[in-house]
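Comments concern the structure below.
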Amino acid sequence: QVQLVESGGGLVQAGGSLRLSCAVSRRTFTVYVMAWFRQAPGNEREFVASVNWSGGSTYYADFVKGRFTISRDRAKNTVYLQMNSLKPEDTAVYYCAAGSTWRTERDYDYNYWGQGTQVTVSS
């Protein structure tokens, strides 16, 4: 069973930065895409970014291009989401997810999920 544990969330002012981490344990051969989603109160969960575990290719939602960067450290079995130029509308619970379908933004294509970490951006 793949386990994902997020960390790094918190409170930041608009324009600030945060780096989220997702520690991956017991990764199997069926997991080669890691992603970040987010969910704000009253909203559906939405795709943020994904990374191919082996090659490192990345894929982003249009609304974060140029502000967020996803990366992975294979030696540490950790995925990161560097978030810069944060806006109040980025406030949400951010979830790490793992799956095997590349370039998909559909949450049901991901088989494993972390518990989420809260990111709050004040204006």
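The values are calculated or read from the model by the stated rules, or taken from the named source; none is laboratory data. In this text, all values refer to a predicted model and were calculated from it rather than measured experimentally. Here Cβ is always computed from backbone atoms with ideal geometry, including for glycine, and neighbour counts include all displayed protein chains. These accessible areas exclude ligands, DNA and RNA; they are computed on the full protein's heavy atoms, side chains included. Shrake-Rupley method; radii C 1.70, N 1.55, O 1.52, S 1.80 Å.
For the reader, a short list of remarks on this structure follows.
- Once both labels are positioned 7 Å from their Cα atoms along Cα-to-Cβ, the gap between residue 82 and residue 120 label points is 2.7 nm.
- Alpha carbon convex hull of the chain, projected area averaged over orientations, nm²: 6.8 nm²
- Normalising the average separation of contacting C-alpha pairs (under 8 angstrom, six or more residues apart) by the number of residues puts the relative contact order of the chain at 36 percent.
- Quotient of Cα Rg and 2.2 N^0.38 Å for the range 28-100, N being how many residues it contains: 1.11
- Separation in nanometres of the label points that stand 7 Å from Cα toward Cβ, at residue 71 and residue 44: 3.3 nm
- Distance between the modelled labels on residue 102 and residue 61, one decimal in nanometres: 2.3 nm (7 Å Cα→Cβ projection).
- Taking the Cα centre of the range 11-123 as reference, the dipole from Cβ charges on Lys and Arg (+1) and Asp and Glu (-1) amounts to some 420 debye.
- The chain, accessible surface, carbon-and-sulfur percent (1.4 angstrom probe): 44 percent
- Heavy-atom surface of the range 1-117, accessible at 1.4 Å and reported per residue (Å²): 50 Å²
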